[in-house]
Amino acid sequence: MIDQTLFQNKRAAYYTLGCKLNFAETSAIGRQLLNAGVTRARKGQTADICVINTCSVTELADKKGRQAIRKAIQENPSAFVVVTGCYAQLKPEEIAAIDGVDLVLGAEQKLDVVKFLDDLHKKEKGEIITSRTHRIRSFVPSLSADDRTRYFLKVQDGCDYFCSFCTIPFARGRSRNGSIADLVKQAEQVVQEGGKEIVLTGVNIGDFGRTTKEPFIDLLHALDQVEGIERYRISSIEPNLLTDEIISFVAASRRFAPHFHMPLQAGSDAVLQLMKRKYDTALFRHKVEMIKTILPDAFIGVDVIVGVRGETDAYFEESKRFIESLDMSQLHVFTYSERPGTQALQIDYAVDPRQKHVRSKLLLDISDEKLHCFYASQKGTRRKVLFEHTKRGGKMYGFTENYLKLYADYDPSLINRITEVAVGEYSDEEMAMNAII
């Protein structure tokens, strides 16, 4: 039984790093504390409880996590400090040693925070409560709002892939998911709150169904029937799990956006094998070509990692040529960071840090060119844009169904409304295309 008096008149501050899934989970933590009586600290108020939800995808992410922890402690010197997330699961001792940290919660515990707050007294050394990776099995639904126009719905967690460069399976545990029935209820909750767009998030969302034996395509069909949601987006999905059936469904769907994001990671089959990825470049090309055949205006985002162990100059050139040949819209370029405990450390050839930087710049230049070409191809078309609250220099911004960023003169009546517009010129200053209303 929770002592409700413990939380009376208490305020909490939240700090989130990393992926959209983390933001959804922080929102779930916030709702849990709110139900216990803890309000969110407003700007300028000091908090009684600080929750820092960390990332650990790279060494830089760990560094940013430590900076966020110290910032929270500095801004709220008397607060009870809880650190959770992937960094907390992977390196709890490192975090607990930071002066001012009171509680470190692992992946299995983080969405049950209230249970572990039996008192809010500062501790001499941070207490660690984590589970071994193979015991991380629970799935807790999470839903977050982005400015009340875009919602992020967690449908899946964990990963069974164990790619050679990645620590995510160790940080988040085995693949698991919510039930279709429960996720549909959450989508209906978004309707009640006035939300128009939902982004489906997870660690490996195409692997949906490990827990409930319900295929991912059935989830998409069920969500497509929820009246009141105008638009869904599928976040990053493995190319081997983006089935032809899913692509065809999106093309015929009333609500699913023509927007795909796939991790390529490398355009060399030899490097993909070193990474222990579950596809080759031929399969990836097939997916891109199928999307563009039946949805020629679709936005295709692609993740790629440069400088992994084993990526020789020849392999990088092969990868670069493959990427250049793809009809995609934008690259997300990540620089390889060595992670303790990963199989990639056993690969002999290590790329010089300066060479990693050069390769990253080359791919970013390709990305800029691809994005410019995609935007240019959309000029003069008519699109549906969902305008957001953000106001900057008298302008408002939003995204179309195929992920064009548009701007228009600020008009509060357009916020959180799907509006059909003509797509005008691209503005370097706004870094968006003009929406002609």
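Counting only residues that are touching a residue at least 60 places away in the same chain (Cβ under 8 Å), in contact with a Phe, Trp or Tyr (Cβ under 8 Å, 6 or more places away or on another chain) and in a strand (DSSP E or B), how many does the stretch 399-437 have?
The qualifying residues number 0.
Need the failing condition index for Met433 against (1) surrounded by 15 or more Cβ atoms within 10 Å (Cβ to Cβ); (2) under 17 Å from Lys196 (Cα atoms), just the number.
(2)
Does at least one position in the stretch 103-118 carry a residue that is in contact with a Pro (Cβ under 7 Å, 6 or more places away or on another chain) and in the same structural domain as Arg233 (by TED's automatic domain parsing)?
no
Here's a check for you: in the stretch 403-421, which residue that is more than 21 Å from Tyr232 (Cα to Cα) and in contact with a Gly (Cβ under 7 Å, 6 or more places away or on another chain) is surrounded by the most Cβ atoms within 10 Å (Cβ to Cβ)?
Restricting to residues being more than 21 Å from Tyr232 (Cα to Cα) and in contact with a Gly (Cβ under 7 Å, 6 or more places away or on another chain), the top hit is Tyr410.
For a quick check of your reading: which strands (runs of 3 or more DSSP E) sit entirely within the stretch 255-374 and have at least 1 residues that are at positive phi, buried (at least 18 other Cβ atoms within 10 Å of the Cβ) and not aromatic (Phe, Trp, Tyr)?
259-265
Working only within the stretch 95-109, note down all residues that are among the charged types (D, E, K, R) and under 21 Å from Asn76 (Cα atoms).
Passing the criteria: Asp99, Asp102.
The values are calculated or read from the model by the stated rules, or taken from the named source; none is laboratory data. Computed from a predicted structure; not experimentally measured. Methodologically, a virtual Cβ is constructed for each residue, glycine included, from the backbone with ideal geometry; neighbour enumeration extends over all protein chains shown.
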